[in-house]
Amino acid sequence: MRWVSDDRLKGRCIELVLAQAGSAFFSSALAGVILIAAFWARVDRWVLAFWFFSYFFIASLRVWLAVVYRRAPESVNPDVWFAAYAACVFLSGFVWGVFLLLLSVNAEGAYAAVLMVTFTALLAAAVTAYSVSFPLYVCFSLPVVLPFLVSLLVVGLQTHGMVAAIILCWYLFMVSTARRFSQSAMRSLGYQYENVELVQELEAQNERAERLAGELLVLSNTDALTGLYNRRFFNTQIEKEWLRALRTGECLSVIIVDIDNFKGFNDSLGHLEGDRCIARVAGVLKGAVREGTDFAVRYGGEEFALILANTSLGAALGLAERLRSGVEGLALPHPDSSVSKVVTASFGVAGCVPRVEDRLELFVDRADKALYRAKELGRNAVVSAG
């Protein structure tokens, strides 16, 4: 007979056994006190002393086992612990069985009734005290019942045989009840465990879903070639920054960037080199922005944009000039440039403190027009929208 059919429930089962140990101890102690009081004048003191010292010695062992488990449950082998605890429970039942047998020798009339009531109450109380574990109920009840039944049968009187038959039937009913209680408790524990597992699984799935949603959001807002944000992100973020600047009264700046003569670069060196050129320029832009505050975007094709929160027009112009110099400093050969022997870029810059009457579209358009003026002025230049 396995004490727990599911290994996952062993720890929880032990905890419930210990939680019920108090009721098992006090019900047995109460029954013992009642019998000692009832038979005090009819039984030798050594019989009473036998029960008292034996029972409380075994109870001490059970307390010790409880302390050992509760101090470090993770280091205790549950099967070994349960076997030791079941042995103590069996000894408790054995002490009770011997005690009741010794008392029955001097039990007549009302004393026999007291003994029988205590006997049946003890076994009935054990059903609930050990309801979480049917093996524990058997370990306790069997050594209590067997000596009593054997003594009745040995006497050989018809009335004693009838009493023994009644006790046996009643005991089998108690065993059946204890088994049902234990099975119900185990099912309940199993459901609890499954519910915990289900909740944990759902939480893990939610975490995975949130992580995937975050990854998808990043992917949907990221340009695959450069790793910069894409035009979709720009349209959303520039509106957020505009509203924030409108609320706080801070300055917002935008830089639009275009690689000079990029079509000629592609035609001369091919699209693969063109992609590499775009990625290198994107690296310069990305390395210059403040993380979490500024945003570098691939605006489309060879065009880029930078959103600069809480940045004045003068500061944006200074950054644009450094970026222009940085792109030129890459020294990427450009065989078809009208400006230089290396890749260069033009920059249009706009900045303002938004007002309610201002329009975001016109603000971005100003930066775009400044970019085209930079191209008209010969490219590789930074132009302010004013």
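Which of the following residues is under 42 Å from the mean Cα position of the chain (by Cα), assigned to a helix (DSSP H, G or I) and either assigned by TED's automatic domain parsing to the domain that holds F173 or over 29 Å from L153 (Cβ atoms) (or both): W81, W51? So the residue among W81, W51 that is under 42 Å from the mean Cα position of the chain (by Cα), assigned to a helix (DSSP H, G or I) and either assigned by TED's automatic domain parsing to the domain that holds F173 or over 29 Å from L153 (Cβ atoms) (or both) is W81. Inside segment 54-74, can you point out the residues that are free of Cβ contacts under 8 Å to residues at least 40 places away in the same chain and either in a loop (DSSP other than H, G, I, E, B) or not aliphatic (A, V, I, L, M) (or both)? Listed by number, the residues that qualify are F56, F57, S60, W64, R71, A72, E74. When restricted to residues that are within 22 Å of L272 (Cα to Cα) and within 34 Å of the chain's Cα centre (by Cα), segment 225-246 contains 2. Name the one entry in L35, L16 that is more than 34 Å from the chain's Cα centre (by Cα), modelled with pLDDT under 85, in a helix (DSSP H, G or I) and not polar (S, T, N, Q). Of L35, L16, the one residue that is more than 34 Å from the chain's Cα centre (by Cα), modelled with pLDDT under 85, in a helix (DSSP H, G or I) and not polar (S, T, N, Q) is L35.
One line per residue, one yes/no per condition, for (1) assigned to a loop (DSSP other than H, G, I, E, B); (2) at pLDDT below 75; (3) not basic (K, R):
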site: L152; (1), (2), (3): no, yes, yes
site: M162; (1), (2), (3): no, no, yes
site: Q183; (1), (2), (3): no, no, yes
site: L189; (1), (2), (3): no, yes, yes
site: Q200; (1), (2), (3): no, yes, yes
site: R211; (1), (2), (3): no, no, no
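Can you tell me how many residues in segment 75-86 are in contact (Cβ under 8 Å) with a residue 24 or more places away in the chain and surrounded by 14 or more Cβ atoms within 10 Å (Cβ to Cβ)?
The initial filter retains those residues of segment 75-86 that are in contact (Cβ under 8 Å) with a residue 24 or more places away in the chain, namely 78-79, 81-82, 85-86.
Then drop every residue that is not surrounded by 14 or more Cβ atoms within 10 Å (Cβ to Cβ), which leaves 78, 81-82, 85-86.
So the count comes out to 5.
The condition (being touching a residue at least 24 places away in the same chain (Cβ under 8 Å), outside any helix (DSSP H, G or I) and closer than 21 Å to G11 by Cα) is satisfied by just one residue among V138, V132: V132. Within segment 249-258, identify whether any single residue is assigned to a helix (DSSP H, G or I), at pLDDT below 95, assigned by TED's automatic domain parsing to the domain that holds S312 and over 33 Å from the mean Cα position of the chain (by Cα), and answer yes or no. No, there is no match, as no residue in segment 249-258 is assigned to a helix (DSSP H, G or I), at pLDDT below 95, assigned by TED's automatic domain parsing to the domain that holds S312 and over 33 Å from the mean Cα position of the chain (by Cα). For segment 274-301, a residue qualifies if it is touching a helix residue (DSSP H, G or I) at 6+ places or on another chain (Cβ under 7 Å), surrounded by 15 or more Cβ atoms within 10 Å (Cβ to Cβ), of a type outside the set (K, R) and within 21 Å of H334 (Cβ to Cβ), and the qualifying residues are G274, C277, V281, V284, L285, Y299.
Contact annotation: residue pairs with Cβ atoms under 6 Å, 6 or more positions apart or on different chains, pairing a residue in segment 259-270 that is in contact (Cβ under 8 Å) with a residue 60 or more places away in the chain and on the phi < 0 side of the Ramachandran plot with a partner that is charged (D, E, K, R) and surrounded by 14 or more Cβ atoms within 10 Å (Cβ to Cβ), are I259/E302; D260/R379. With respect to being assigned to a helix (DSSP H, G or I), in the same structural domain as A37 (by TED's automatic domain parsing), at pLDDT 80 or above and hydrophobic (A, V, I, L, M, F, W, C), L123 fits the description.
Looking only at residues in segment 47-65 that are among the small types (G, A, S) and buried (at least 17 other Cβ atoms within 10 Å of the Cβ), the one that is farthest from C88 (Cα to Cα) is S54. For segment 105-120, filtering for residues that are surrounded by fewer than 20 Cβ atoms within 10 Å (Cβ to Cβ), part of a helix (DSSP H, G or I) and not aliphatic (A, V, I, L, M) leaves 3.
The values are calculated or read from the model by the stated rules, or taken from the named source; none is laboratory data. Keep in mind it's a predicted model, so treat the numbers as computed, not measured. Methodologically, a virtual Cβ is constructed for each residue, glycine included, from the backbone with ideal geometry; neighbour enumeration extends over all protein chains shown.
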